[in-house]
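To start, the structure itself, in C-alpha cells.
The values are calculated or read from the model by the stated rules, or taken from the named source; none is laboratory data. None of the values given here were measured: they were computed from a predicted structure. So basically every Cβ, Gly included, is an ideal-geometry build from the backbone, and we count neighbours across all protein chains shown.
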Amino acid sequence: MSRVGTWLHEPDQFEWVTTFLRQRGLLRTARIVMAVIAGSAALTPITALLRPDPSMGVVAIGVTGAAIALGMAWFWLTRWPSRRVSLYSVVLGMFCAAAWSLTEHSAAVAALACMVLAITGGYVAFFHNTRVLVLNTAVALGSAAVAAYRLANDTDLATAVAAFWLMWLLNIAVPLGIRAAIKAMGRYAIRSDQDPLTGLLNRRGFSHAVERLLIPDMYETGHAYLVVMMIDLDDFKRVNDTRGHAAGDDILLRVADQLRQHVPANAAVCRSGGEEFLVAMSSWTHDASILTGPLCQAIHRHCDDVSASIGVAWAPRSETEAVTTDVLVNQLIDAADAAMYEAKRSGGNRVHVSRHMRCA
C-alpha cells in the first residue's frame, strides 16, 4: 500500500517538463503540435451536427465541444499555459470526450469516441500527476463499458468484448508508454545536470534550478530576494598535494554534505568546479549571515580543518525580471566571486557580502 500511496502522490511534473522543453528550444514546436491536436478535435463534435435531425442536446454538445477545441487551438498558438490552466483544460477535455461517447447515436462510433481519451491520458502522463491519470483512466473505462454494452445489444457479445478490449488496451498502453518515456527523460535530465562526484548540481543544472526559482508559482510568498553564495575551500591544493586526490575527494564529499544540511530545502546547490561551490536561494532578506556563519564553522569543524571563504551577492526579485536567466546568473556569480576573493584576501575562513547588485 505504501508503494501505491507513493505512486498516487507523485508531484505534478508540469513545471519541470516546461523548463526542459524551454531550455532545449522545443516550446514553440510543442505549442504547434498541441494546437494541431486541439484544432483537429473540433472536427469530431461538428460531425454531430450533420445528422438528419439532431436533438437540441446533441447540438449543444457539438457546438460547445467545437468552441472549446478551437479556443484551445488558438490558446496554444498564442501562449504556453500555466500549470493550472493546463490541468483544468485537460480535465474539461476528458469529460467532453466522455460526453460525446455517451450521447453518440451509433454504438460503434461511441466505442471509437472512447479511444479519444487515450490522447488526454497521454497528455496527462506527459505533463501532470498520477491522480489525474487515474481519473482519466476511470472516465475512459466507464465510457468504454457503456459503449460495449450498447454494442452488445446492436451486434453480439463477442464483438462487444473485442471492442472493449481494444478500448482498454489503447487507454492503458498509450498513457503508460508515455509515462515511462517521461520518467526516463526525467532521469536523463537529472543525471545530465549533476556533478558525478558529489551529486550536487553542475553549472548547467545550477542555471536551470535558478530559472525554476524565478518562476512565480515556485517563488515562496514573501521571498523578495535572490541570494547567491560562492564558496571556495582555502588551501585545498595543499590537501591534494600532500595527502592525495582520494583525500581531496573525501573532503569535497564532506563539504557537499554540510551544504545539504545547512542550506534551505528550496536552494540550488552546485559544485561549479574544483573546490568551488555555488548556492542560490530565494529569501525574505538579503542578509545571509544567519546561514553563512554556521556554514563556515561547520566546514572547518567537519572537513579535516579545511576552511572556506564565502562571497555573497544578492538582487531584489523585482529587478531579476529585467534580464534573462543566463545573464542574471552570470552577473550574480561574478559579484559573489569578487566578494569571495575579498574574503580570501582578508585571511580566509570568513564571509564577505557584495553590495546590492543592480541587474541590467
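Before moving on, here are some points about what is shown:
- Filter result for A265 (assigned by TED's automatic domain parsing to the domain that holds D305, surrounded by fewer than 20 Cβ atoms within 10 Å (Cβ to Cβ), touching a Lys or Arg at 6+ places or on another chain (Cβ under 6 Å) and not polar (S, T, N, Q)): no
Yes/no per residue for (1) outside any helix (DSSP H, G or I); (2) touching a residue at least 40 places away in the same chain (Cβ under 8 Å); (3) under 30 Å from V255 (Cβ atoms); (4) in contact with a Cys (Cβ under 8 Å, 6 or more places away or on another chain):
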position	(1), (2), (3), (4)
P81	yes, no, no, no
G93	no, yes, no, no
A111	no, yes, no, no
R131	no, yes, no, no
V134	no, yes, no, no
N171	no, yes, no, yes
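- Only one entry in A184, A209 is modelled with pLDDT under 85 and surrounded by fewer than 15 Cβ atoms within 10 Å (Cβ to Cβ), namely A184.
- Selection status of R212, under 30 Å from Q331 (Cβ atoms) and not assigned by TED's automatic domain parsing to the domain that holds L117: yes
- So P45, is it in the same structural domain as A163 (by TED's automatic domain parsing), out of contact with any strand residue (DSSP E or B) (no Cβ under 7 Å at 6 or more places or on another chain) and modelled with pLDDT under 80: yes
- Selected residue [among the acidic types (D, E), within 29 Å of R271 (Cβ to Cβ), modelled with pLDDT under 90 and touching a strand residue (DSSP E or B) at 6+ places or on another chain (Cβ under 7 Å)] from D235, D193, D217: D193
- Verdict on V239 being touching a residue at least 60 places away in the same chain (Cβ under 8 Å), farther than 28 Å from H128 by Cα, part of a helix (DSSP H, G or I) and not polar (S, T, N, Q): yes
- Taking the criterion of being of a type in the set (D, E, K, R) and either modelled with pLDDT of 75 or more or touching an Asp or Glu at 6+ places or on another chain (Cβ under 8 Å) (or both), the residues of region 48-84 that qualify are R79, R83, R84.
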